[in-house]
Every structure is written in structure tokens, then in C-alpha cells.
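Structure record follows, encoded as C-alpha cells.
The values are calculated or read from the model by the stated rules, or taken from the named source; none is laboratory data. Predicted model only: the values in this text are computed from it and were never measured. A quick note on method: Cβ atoms are made from the backbone with ideal geometry, for glycine too, and the neighbour counts reach across all protein chains shown. Note: accessible area is taken over every heavy atom of the protein model, side chains too, but ligands, DNA and RNA are not part of it. Shrake-Rupley method; radii C 1.70, N 1.55, O 1.52, S 1.80 Å.
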Amino acid sequence: MSEESLPHDARLEYADAHPASADALPDSADVLPESADALPEYAERVLEVAELIPPGRVMTYGDVAEWLEEGGPRQIGRVMALYGGAVPWWRVVRADGVLLPGHELRALDHYRAEGTPLREASRAAEGHVPRLDMRRARWDGGERAQGHT
């Protein structure tokens, strides 16, 4: 799957990610639905991990791929862009802590409601939108990982 095949928001969102090796990439048939009602198995697994992330904590796209031991940050982002609306999408984030372009204010509302650690933006930052404090907000899956298969 090339970067050009991703939606514009997804390409922006994952520009900081390194492409995974070809061996680690899920087949495009595993990411794209067979029919409008079908949810690919890979997408189901990604969304299940997103649902495990506790309120106030986050995982990067790469963290989710590492948890699943399949795919990479771009594949996780593709799944989140296509199917993530029904799960706490704001908890799966860029590694640099920058909020999802185009969804900053919605995500910020969720972060503030959940008490997610933020770093206030400097006055020089465009739009003065804070970033996530990745050192404090990042979740490694340890507290609830015992039940993961």
C-alpha cells in the first residue's frame, strides 16, 4: 500500500512514521472491506486495541502495530481513518504528540475531559493548540495487557 493510496488526512497524520518492512505489511485485502458491511479481521484487532486504552492515556500508531505484532504505523492509521469513529480514536496518536490535523478541537475536548496530560503550546505555535505530553500520557498496555491474546 503506497502513501499516495491513503486519504489526505491519513498521509498527514503518519508523515512522522517509518514505513514497515514489506514482510510485516498486512495484505491490502486484510485492511480493505470485502463488502460495505464487512469489517476486516485486521481492522477488528486494531479497534479492539484502541478500546483497551484507558481514559487519559494514549498509544502511538506504532505502539498499536507492535502490540499486534503485525503491520506498521501507516496500516494502523489507515484502519483508524476508515473505521475508528466508533472507538476512542483520540487515544491512538502520532508519536510526536501533535493532535490529529482537522480534528484538534474535538480531540482536545476528549483529552481535557479525560485528564490526558498535555503540553501547552507556545505563543509561536500555529493556532496555539497544545500537544500531548507523550512521556506522561503514553500507555504501554501493561495494566490491562494480561487479558490480551
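The condition (being open to solvent by less than 40 Å² (accessible area, probe 1.4 Å), charged (D, E, K, R) and at pLDDT 95 or above) is satisfied by just one residue among Arg135, Arg78: Arg78. Taking (1) loosely packed, with under 15 Cβ neighbours inside 10 Å; (2) at pLDDT below 95; (3) more than 18 Å from Ala107 (Cβ to Cβ) in turn, His8 satisfies each apart from (3). Taking segment 104-116 as the region of interest, how many residues are in contact (Cβ under 8 Å) with a residue 60 or more places away in the chain and either closer than 30 Å to Ala38 by Cβ or surrounded by fewer than 19 Cβ atoms within 10 Å (Cβ to Cβ) (or both)? Selection size over segment 104-116: 1.
Looking across Pro88, Pro73, Pro40, Pro130, one residue alone is open to solvent by less than 10 Å² (accessible area, probe 1.4 Å) and either out of contact with any helix residue (DSSP H, G or I) (no Cβ under 6 Å at 6 or more places or on another chain) or without any contact (Cβ under 8 Å) to a residue 60 or more places away in the chain (or both). It is Pro130.
Scanning segment 58-70 for residues that are touching a residue at least 12 places away in the same chain (Cβ under 8 Å) and not in a helix (DSSP H, G or I) gives Val58, Met59, Thr60, Glu70. Here is the figure for segment 43-58: residues that are touching a Leu at 6+ places or on another chain (Cβ under 9 Å), open to solvent by less than 40 Å² (accessible area, probe 1.4 Å) and not small (Gly, Ala, Ser) total 4.
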